Amino acid sequence: MDRIDELLNAPYWIIDILPMRVPSDSPGQYFAVEKHFLTEQLTAIKQKHLNVILKLNCYMDISLDDEVNPAPARIAEIVHERYAYIMAGDSMILSEPDDTHLTLFNPDEQLLGLITDIAASEGLFVWKGVNP
């Protein structure tokens, strides 16, 4: 758990359905659109998240609940049911069951490039988060 806490404070990137952070003064209707995605399209979005994780697992080991390379069905079950801290080398992906994005913590340049390509193949975007 100490490693997870450490990574939660590391630089992070967002893997999202939107290409960038929505400014707080945006004239659009972000919250209404987000609610729509959460109620009408969350299952499809979570499938994209799962696909990103599974595709990544083709290139590198991942660990989930201290199990290295769990079966794809097990990864799917966890991603759809609860918070998941997915370890990939010195990095971590946080998957939340009720959110439209994944969070990638502490990626090196190679992993960030790979994740960006994989996310794009799923119609997702990767952008740098803002640490407080």
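What follows draws every value from the coordinates through simple rules; no lab data is involved. All values derive from a computational prediction rather than experimental measurement. Positions of Cβ are generated from backbone atoms using ideal geometry, with glycine treated the same way; all protein chains shown enter the neighbour counts.
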Looking at 86, 118, 37, which one has the Cα that reaches farthest to the positive end of the dipole of the chain (charges on Cβ: Lys, Arg +1; Asp, Glu -1)?
37
Mind listing which trypsin sites (Lys or Arg not before Pro) in the range 18-107 are in a DSSP loop and have 11 or fewer other Cβ atoms within 10 Å?
82
Quick check on the range 47-132: take the gyration tensor over C-alpha atoms, sort the square-rooted eigenvalues as a ≥ b ≥ c, and tell me if it's rounded (a/c under 1.5), prolate or oblate.
rounded
Within the range 1-92, DSSP-loop chymotrypsin sites (Phe, Trp or Tyr not before Pro) with at most 14 other C-beta atoms within 10 Å are 83
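Sequence gap at least 6, Cα distance under 8 Å: using those rules, report the relative contact order of the chain to the nearest whole percent.
Answer for the chain is 41 percent.
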Could you line up 92, 20, 87, 60 from fewest to most neighbouring Cβ atoms inside 10 Å?
20, 60, 87, 92
